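The structure appears right after this line, and notes come after that.
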2 protein chains.
Amino acid sequence: MSDRRTLILQAATRVIARRGVRGLRVEELAAEAKVSTALIYYHFGDRAGLMRRTLEFISERAERYTEPSVSPRSDPRAHLEQMLLLELQDAPTVKENSAAWGELRATAVFEPELREQLRYSTYEWVEYAAGLIRRAQEAGTVDEDVIAADSAERLTTLVEGLSERWLSGSTSLDRARELLRGAVASELPLPGRPGPAPAPAAGDRRAGAQD
Amino acid sequence: MSDRRTLILQAATRVIARRGVRGLRVEELAAEAKVSTALIYYHFGDRAGLMRRTLEFISERAERYTEPSVSPRSDPRAHLEQMLLLELQDAPTVKENSAAWGELRATAVFEPELREQLRYSTYEWVEYAAGLIRRAQEAGTVDEDVIAADSAERLTTLVEGLSERWLSGSTSLDRARELLRGAVASELPLPGRPGPAPAPAAGDRRAGAQD
């Protein structure tokens, strides 16, 4: 990707995180990125094209800052938990990325042309998480009866919901992280053992069946 | 509440659900509600006041359409599950309400004056859900080790996240409802029993402890 293209996408993410997609005008973006509006149109075609590429840029950037220190090969379960928790950090890039992602999702409710890119980025994230759960099941750190695709979709949806509650002032960051850790514990039980578990966390209990 | 005040709030919800908060101008709302802009300012003071009252209106309306057929006294667990599932319906009022709620939450990231009302409405919803979980624990349909406040906050957050994924085209309504039912099953295990449970759903397994 050309340097100026990257500069434009970084600037678009900053502007969206600061004032929302609906506050984004190409003239202002050009000023923020210190380029001409013509260059923006040259690289992205139109506003919708710019929004799609910004979504893609945000997803790829999230992959970098959510890269855990634990290897997915040696411990896929810990890798997944770290990856999800790294979405909830009081670091400028993470907050900016989360705010822009949430805003683009909210905008897609009203602007259908964003939906395909959003669906694709969401699908990739869910699939990556599901793959980690399956590897954890093979490694014996997640119960084999867990449906990886379901738990992955729920956990990533919960991350989005917690992020929105945090950024909109309805919950604290510490609380959001605590709730997410609890969700990992209840979504991904260790393989069943008969005895009582030491120091169970919330939700870490055997479930009976319901409809 | 006066009839015209209600008409204005209904119209505001419709407009927000159709085009977003950022697309809402008082002149257009006046046209939609068939009242004068002066009447809107008379009832709500300013745009921020109008937004706060709209949030409150949406919350109260949600309480009505999510009122389950099962009594919270006779079966608080089923009441809670129904109440949450009723947020995910392909009915015009529900879609409109969910779209407007999600949009107001997304807007609160950028407009701090919305946050207090949003936090209050969120708190009331979470507390109501937590109360049902505690009653279900007393009634013996939810394990006593579940932390009601945590599960309530997670389940309501998940409803918001699923609703946004549905409305933004990243998941289907059926899938969202299936994922929510699975979340209720894994968040709210029945009181622990030693034997295997019949037909366990996803996540319905005994959990070991993790950090």
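The values are calculated or read from the model by the stated rules, or taken from the named source; none is laboratory data. Predicted model, so just to flag it, every value in this text is computed and none were measured. Cβ sites come from the backbone with ideal geometry, for glycine too, and all protein chains shown count toward neighbours. In case anyone asks, the SASA skips ligands and DNA or RNA and just uses the protein heavy atoms, side chains included. Shrake-Rupley method; radii C 1.70, N 1.55, O 1.52, S 1.80 Å.
Looking at (1) under 17 Å from the mean Cα position of the chain (by Cα); (2) modelled with pLDDT of 95 or more, which is the only condition A:Pro76 fails?
Result: A:Pro76 fails condition (1) only.
When only residues in the range B:164-186 that are in contact (Cβ under 8 Å) with a residue 40 or more places away in the chain and open to solvent by 10 Å² or more (accessible area, probe 1.4 Å) count, which is farthest from the other protein chains (Cβ to nearest Cβ)?
Step by step, filter the range B:164-186, then rank; the result is B:Leu173.
Which condition number does B:Glu160 fail, the rest of (1) within 19 Å of A:Glu164 (Cα to Cα); (2) open to solvent by 50 Å² or more (accessible area, probe 1.4 Å) being met?
The number of the failed condition is (2).
Taking A:Ala62 as the residue in question, decide whether it is part of a helix (DSSP H, G or I), open to solvent by less than 50 Å² (accessible area, probe 1.4 Å) and more than 14 Å from chain B (Cβ to nearest Cβ).
The answer is yes for A:Ala62.
Need pairs with beta-carbon distance below 8 Å; first residue within 14 Å of B:Lys95 (Cα to Cα) and within the range B:8-21, second of a type in the set (Phe, Trp, Tyr) and open to solvent by 10 Å² or more (accessible area, probe 1.4 Å); sequence gap 6+ or separate chains.
Matching pairs, first to second residue: B:Gln10/B:Phe57; B:Thr13/B:Phe57; B:Arg18/A:Phe110; B:Arg19/A:Phe110; B:Gly20/A:Phe110.
For the list (1) open to solvent by 40 Å² or more (accessible area, probe 1.4 Å); (2) in a helix (DSSP H, G or I); (3) not small (Gly, Ala, Ser), I need the number of the one condition that A:Glu67 fails.
It is condition (2) that A:Glu67 fails.
Within the range B:115-146, how many residues turn out to be farther than 30 Å from A:Gly20 by Cβ, buried (at least 17 other Cβ atoms within 10 Å of the Cβ) and within 8 Å of chain A (Cβ to nearest Cβ)?
2
Sort out which residues of the range B:89-114 are open to solvent by 20 Å² or more (accessible area, probe 1.4 Å) and closer than 18 Å to A:Ser170 by Cβ, and write them in order of number.
Listed by number, the residues that qualify are B:Trp101, B:Val109, B:Phe110, B:Glu111, B:Pro112, B:Glu113.
Each row is one residue, and each column tells you yes or no for (1) within 17 Å of A:Ala108 (Cβ to Cβ); (2) among the aromatic types (Phe, Trp, Tyr); (3) open to solvent by less than 50 Å² (accessible area, probe 1.4 Å); (4) in a loop (DSSP other than H, G, I, E, B).
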| residue | (1), (2), (3), (4) |
| --- | --- |
| A:Arg14 | no, no, no, no |
| A:Leu29 | no, no, yes, no |
| A:Tyr42 | no, yes, no, no |
| A:Arg53 | yes, no, no, no |
| A:Ile58 | yes, no, yes, no |
| A:Arg73 | no, no, no, yes |
| A:His79 | no, no, yes, no |
| A:Leu84 | no, no, yes, no |
| A:Glu87 | no, no, yes, yes |
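Does B:Asp150 fit the bill of being within 7 Å of another protein chain (Cβ to nearest Cβ), over 12 Å from the mean Cα position of the chain (by Cα), open to solvent by 10 Å² or more (accessible area, probe 1.4 Å) and of a type outside the set (Phe, Trp, Tyr)?
yes
Kindly indicate whether B:Arg64 is of a type in the set (D, E, K, R) and in contact with an Asp or Glu (Cβ under 9 Å, 6 or more places away or on another chain).
Against the criterion (of a type in the set (D, E, K, R) and in contact with an Asp or Glu (Cβ under 9 Å, 6 or more places away or on another chain)), B:Arg64 does not qualify.
Restricting to the range B:125-162, what's the tally of residues that are closer than 17 Å to B:Leu86 by Cα and touching a residue at least 60 places away in the same chain (Cβ under 8 Å)?
Residues in the range B:125-162 being closer than 17 Å to B:Leu86 by Cα and touching a residue at least 60 places away in the same chain (Cβ under 8 Å): 6 in total.
Return the residue satisfying two criteria in turn: it lies in the range A:31-40 and is under 25 Å from A:Lys95 (Cβ atoms) and of a type outside the set (Val, Ile, Thr), and of such residues it is most open to solvent (accessible area, probe 1.4 Å).
Across the range A:31-40, the extreme among qualifying residues is A:Lys34.
Please name all residue pairs, on different chains or six or more residues apart, with Cβ atoms under 7 Å, provided the first residue is in the range B:88-101 and is within 12 Å of B:Ala12 (Cα to Cα) and the second residue is basic (Lys, Arg).
Correct list of pairs: B:Glu96/B:Arg14; B:Asn97/B:Arg61.
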